[in-house]
Amino acid sequence: MERRQAIRGITILAVGSSLLPSCNFTGDQKASFFSNKEAKQIAAICGAILPVTDEKFKPEMSSEAFTMMAVEECYSPEEKEKYKLGLQTFMNSATEDFTKQGKDQQLEVLKSALSEGADENVRYFVSQTRRLILRNFTTTKSFMEGQRSYSMIPKPYKACIKIS
Amino acid sequence: MENYDVIIVGAGMAGSYAAKEFCDAGLKTLLLERGRDVVHLQDYPTTSMNPWEFKYKGDLPWEVKKDIPIQSKCYACREDAAHFFIKDTDHPYIQDKPFDWLRGYQVGGKSIMWARQTQRWSDFDFEGPERDGFAVDWPIRYKDLAPWYDKVEHFIGVAGNKDGLDMLPDGDFLKSWDLNCVEDHFKSSIESAYKDRHVIFGRCAHLSEVRDIHRQQGRTLCQSRTLCQRGCPFGGYFNANSTLIPWAQRTGNLTLRPFSVVQSITYDEKMGKASGVRVIDANTKEEMEYGAKVVFVCAATINTNILLLNSKSDRFPNGLGNDSGVLGKYVAFHNYNATISGRHDGHLEFTTEGRKPTSAYLPRFRNLRRQETDFLRGYAATFGASRPDVGNSDGAGDELMANLMAPTQPAEAWGVYSQMMGETIPKESNYVSLDATEKDQWGMPLVHINIDYDDNDRKMEQDFLDQFSEMFEKAGFKDIRTATNTRVPGNDIHEMGGVRMGRDPKTSMLNGNNQLHAVPNVFVTDGACMTSVSTQNPSLTFMALSARAANFAIEAMKKAEL
Ligand SMILES: Cc1cc2nc3c(=O)[nH]c(=O)nc-3n(C[C@H](O)[C@H](O)[C@H](O)COP(=O)(O)OP(=O)(O)OC[C@H]3O[C@@H](n4cnc5c(N)ncnc54)[C@H](O)[C@@H]3O)c2cc1C
């Protein structure tokens, strides 16, 4: 009872924006660190790694927009350069335009980019992109609440429950 | 010049506790804080944000990260709470040896982001230096502090069990969270295999129940959100902002002045005592002085050392009260440098639900009742067993999406983990000192930090790993992995000493009431005063010492002795 009262009795402050500096990047706009061509490439890779077809689970910010923003704004200059070099090597070494390839072919290309013998920068680029796509997708409201039963205030702690 | 009964330097938990005591006693109190104000509820901008509301989903932008290379090594300094840590580039120091100096400059200090572990010390700790022949004898014993632990625990709210252990005395606890079944299993296994080893639930400053005193503070039940580092809208854990400062303000006796960098304590040669403090406004850089009968220094260990070292006069050319020459020396810390993890394949029919704000704890057992090893002192340890629900994020394309959408399953085994919290020995060679020329933007000399591990620490780390490997094996844990060299000193955030208490003015700075031997109206009650460091998280002890010293000063002022 006390718990419910506590929850009801407290006005949780509405929070508009984070305190941290940010650029004006919004929605699906392309970050300036990447050229149009590069942005298209990243979008194609994001679509191949995690095709989000169900409208309900579309992230608040698309995978490619989040990935480009995170790289541009959160990575150190060295990390950014490495990412970009990987992206460019990926694009230059392709025998065929990735954006025009079929799904299966794209997945094959990505698999080989992540394999042991692949170019180090390319591996870095693809694995970082995959990591950021997952971070973005798994922290969306629809996924966390719908698929992971997330609640800021969890159920009361139970130290030991039998799995049914 | 404005005059007060008392001036307190630093509005963290040590200074704010003293402020509460003085204000309750009707004394006009000036609380000077170098950072900004952080008002409970009002200034916790991220407290109610969901993960998807964070722009970077937990990471920090490079614009911020590049200026906090030290602070960002702290696990709590992430997108949700980085604004409570200082900017390293604004507050430089000189690492003669690697040392992570983690700081929060604001009203509330580090009490906003702390991990809330609150274990009492015992006479195994206070008698340690004398028994084992290091540092100097503490001028107090457990009995001197016990009533003040009671008082502080009652006021701030500490959850725990009465475990009946002499090395970790019980207090006036709120009900505890429970150990989970694997933690319980470890407890039974250890307690049946070893005579003097115990696994308990760590005591922590959370309101697992609400007493009248907490209602009076406007706080309510901890919801186990485990988002404490953001500040809590329920006041469910203790920080100075929710608990001490509003209380002191309600008395009408508190003047809180943020953005006030105390540069030195002024000394009146004729009166033979401190007359007040010299302050620089952090924003305008304007200089001002305040006067008081009593000065409490609670700027946290290293800043307190800096302040005293920088308070020079004809009488004290080497820093205030520093007749002995020990000021800045004998600094010690907690050795968190070894961890162990493993897997438990039993109890697979069980899991946990919800979250809990703290973990199990093993009080010190090594060299406790007698010297048993070739190193001095011992270690406490955290212990945790968890079995999170895990999802599958393997593959790519439709396969990855299908994996992500599949329901989570309890992990196939329990993960178990422990980390040492070792006592280090205060030594003259572990010290802080002021640079002769370099200053920060407020005119304070830069500090040199010269602190390192020693052989004793290395042997203790190995012993922790050996003992815990054995204990993990006895409990049937598998796939045991150990790690050392994970942290440099300072990253434990428990640095202590430099202005140590002691019986003899020739070898210590403070007496048993935390007064400078040579300047009795100046008190130091934060980590700087600690003669030795024990294994327990120290902040509860800082508050108990603050409360005790403040009440001593109140009585002495009543008798016009200060
Ligand atoms: C992430 C984290 C986890 C922790 N977990 C635990 C734990 O579980 N248990 C535990 O016991 N401890 C823990 N600690 C350590 C604990 O937070 C500190 O020991 C405690 O907060 C110290 O209190 P204090 O008042 O002495 O110092 P602080 O909280 O640092 O306050 C000192 C204040 O003085 C101000 N100041 C400094 N210099 C000046 C000056 N010249 N003039 C004016 N003001 C000045 C500072 O701005 C600051 O606000 C943790 C710390 C952190 C960061």
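The values are calculated or read from the model by the stated rules, or taken from the named source; none is laboratory data. Everything quoted here is computed from the prediction, not taken from an experiment. When we count neighbours, we look across all protein chains shown, and the Cβ atoms used for this are built from the backbone with ideal geometry, even at glycine. Accessible surface is based on the protein model in full, side chains and every heavy atom, while ligands, DNA and RNA are left aside. Shrake-Rupley method; radii C 1.70, N 1.55, O 1.52, S 1.80 Å.
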- Residues in segment B:339-375 that a label on B:T486 would reach, taking backbone N under 11 Å of a point 7 Å out along Cα→Cβ: B:339-342
- Could you tell me how many degrees, from 0 to 90 and to the nearest 10, lie between the Cα long axis of helix B:13-24 and the main elongation axis, the longest principal axis, of the Cα atoms of chain B? 60 degrees
- When the Kirkwood hydrodynamic radius is evaluated over all pairs of different C-alpha atoms of segment A:34-146, what value in angstrom, to one decimal, is obtained? 14.4 Å
- Query: Along the charge dipole of chain B, Cβ charges K/R +1 and D/E -1, which of B:A18, B:A81, B:L102 sits furthest on the positive end?
  - Reply: B:A18
- Item | Buried solvent-accessible surface, both chains (B, A), 1.4 Å probe, Å² to nearest 100 | 5400 Å²
- Item | Only Lys, Arg (+1) and Asp, Glu (-1) charged, at Cβ; chain B dipole about Cα centre in debye | 1120 debye
- Query: Where the accessible area of segment A:39-141 is counted over protein heavy atoms with a 1.4 Å probe, how much of it, in %, is carbon and sulfur?
  - Reply: 51 percent
- Query: Taking the Cα centre of segment A:34-146 as origin and charging only Cβ (+1 Lys, Arg; -1 Asp, Glu), how large is the dipole, in debye to the nearest 20?
  - Reply: 180 debye
- What is the helix-to-structure angle for B:142-156, meaning the angle in degrees between its Cα long axis and the longest Cα principal axis of chain B, kept from 0 to 90 and rounded to the nearest 10? 70 degrees
- Percentage relative contact order, segment B:1-106, counting C-alpha pairs under 8 Å, at least six apart: 24 percent
- Projected label distance in nm at B:K66 and A:N36, using a 7 Å step from Cα toward the beta-carbon: 2.9 nm
- Task: Sort out for me the Cα centre separation of segment B:25-102 from segment B:153-171, rounded to whole Å.
- Result: 30 Å
- Residue separation between B:E269 and B:S429 times 0.36 nm, minus their alpha-carbon distance, gives in nm 54.4 nm
- Might you tell me the accessible area per residue for segment B:51-176, computed with a 1.4 Å probe and given in Å²? 35 Å²
- Please find the FRET efficiency linking A:Q105 to B:K439, where r is the Cβ-Cβ separation and R0 is fixed at 60 Å, and quote it to the nearest 0.05. 0.40
- Listed residue (A:S62, A:M91, A:Y75) projecting farthest to the positive dipole end of segment A:56-98, Cβ model: A:S62
- Message: Given the DSSP H assignment, sum -39500 (n - 2.57) over each helix run of at least 4 residues in the protein assembly as shown and divide by its residue total; what's the result at 222 nm in deg cm²/dmol, nearest 500?
- Response: -9000 deg cm²/dmol
- With only Lys, Arg, Asp and Glu charged, each at its Cβ (+1 for the first two, -1 for the last two), find how big the charge dipole of segment B:290-366 is about the Cα centre; round to the nearest 20 debye. 220 debye
- Could you work out the local net charge near A:T140, counting Lys and Arg as +1, Asp and Glu as -1, over the other residues with Cβ closer than 14 Å to its Cβ? +2
- Message: Given a 1.4 angstrom probe, I'd like the percentage of the accessible area of chain B that is carbon and sulfur, rounded to a whole number.
- Response: 48 percent
- Task: Report, in degrees rounded to the nearest 10, the 0 to 90 angle that the Cα long axis of helix B:455-474 makes with the longest principal axis of chain B.
- Result: 30 degrees
- Partner lysines for A:K162 [C-alpha distance under 19 Å; skip if fewer than 8 residues away on the same chain]: B:K356
- Message: Counting only other residues whose beta carbon sits under 13 Å from that of B:A396, what net charge do I get with K and R as +1, D and E as -1?
- Response: -1
- Query: Cα to Cα, under 13 Å, and not fewer than 8 places away if on the same chain: which aspartates and glutamates meet these conditions relative to B:K285?
  - Reply: B:D440
- Message: Please compute, for peptide A:149-156, the average count of beta-carbon atoms on other protein chains lying within 10 Å of each residue's beta-carbon.
- Response: 5
- Item | Exposure of B:H344 as accessible area (Å², to 10), given a probe of 1.4 Å and all protein chains | 10 Å²
- Plugging the Cβ-Cβ distance of B:T255 and A:T95 into 1/(1 + (r/R0)^6) at R0 = 56 Å yields, to the nearest 0.05, a FRET efficiency of 0.15
- Message: Give me the inter-chain shielding for B:396-404: mean count of other chain Cβ atoms within 10 Å, whole number please.
- Response: 6
- Query: When ligands, DNA and RNA are left out and all protein chains stay put, how many square angstrom of accessible area per residue does segment A:34-146 have with a 1.4 Å probe?
  - Reply: 48 Å²
- Item | Full-stretch length increase - B:D166, B:R355 - with 0.36 nm per residue and alpha-carbon distance subtracted | 65.1 nm
- Any lysines whose Cα falls less than 30 Å from that of B:K506, other than same-chain ones fewer than 8 residues away, would be B:K97, B:K143, B:K270, B:K273, B:K293, B:K312, B:K329, B:K427, B:K558, B:K559
- Query: Arranged from highest to lowest average of other beta-carbon atoms within 10 Å per residue, in what order do the peptides B:498-508, B:5-15, B:86-96 appear?
  - Reply: B:5-15, B:498-508, B:86-96
- Task: On the full set of protein chains, 1.4 Å probe, figure out the accessible area of B:D166 and give it in Å² to the nearest 10.
- Result: 80 Å²
- Query: What are the extents of the Cα atoms of the protein assembly as shown along their three principal axes, listed from largest to smallest and rounded to whole Å?
  - Reply: 89, 62, 53
- Lysine pairs in segment A:34-146 with alpha-carbon atoms under 15 Å apart, 8 or more places apart or on different chains: how many are there? 7
- Of the residues B:H185, A:L50, B:W148, the Cα lying farthest along the dipole of the protein assembly as shown towards its positive end, which is defined by charges on the beta carbon of Lys, Arg, Asp and Glu, belongs to B:W148
- Message: How much length would be gained if the chain were fully extended between B:E287 and B:A560, taking 0.36 nm per residue of separation minus their Cα-Cα distance, in nm to one decimal?
- Response: 95.2 nm
- Protection proxy ranking of B:400-407, B:427-434, A:60-67 - average other beta-carbon atoms within 10 Å, highest first: A:60-67, B:427-434, B:400-407
- Query: When only alpha-carbon atoms count, how far does chain B stretch along each of its three principal axes, as whole angstroms with the largest first?
  - Reply: 78, 54, 49
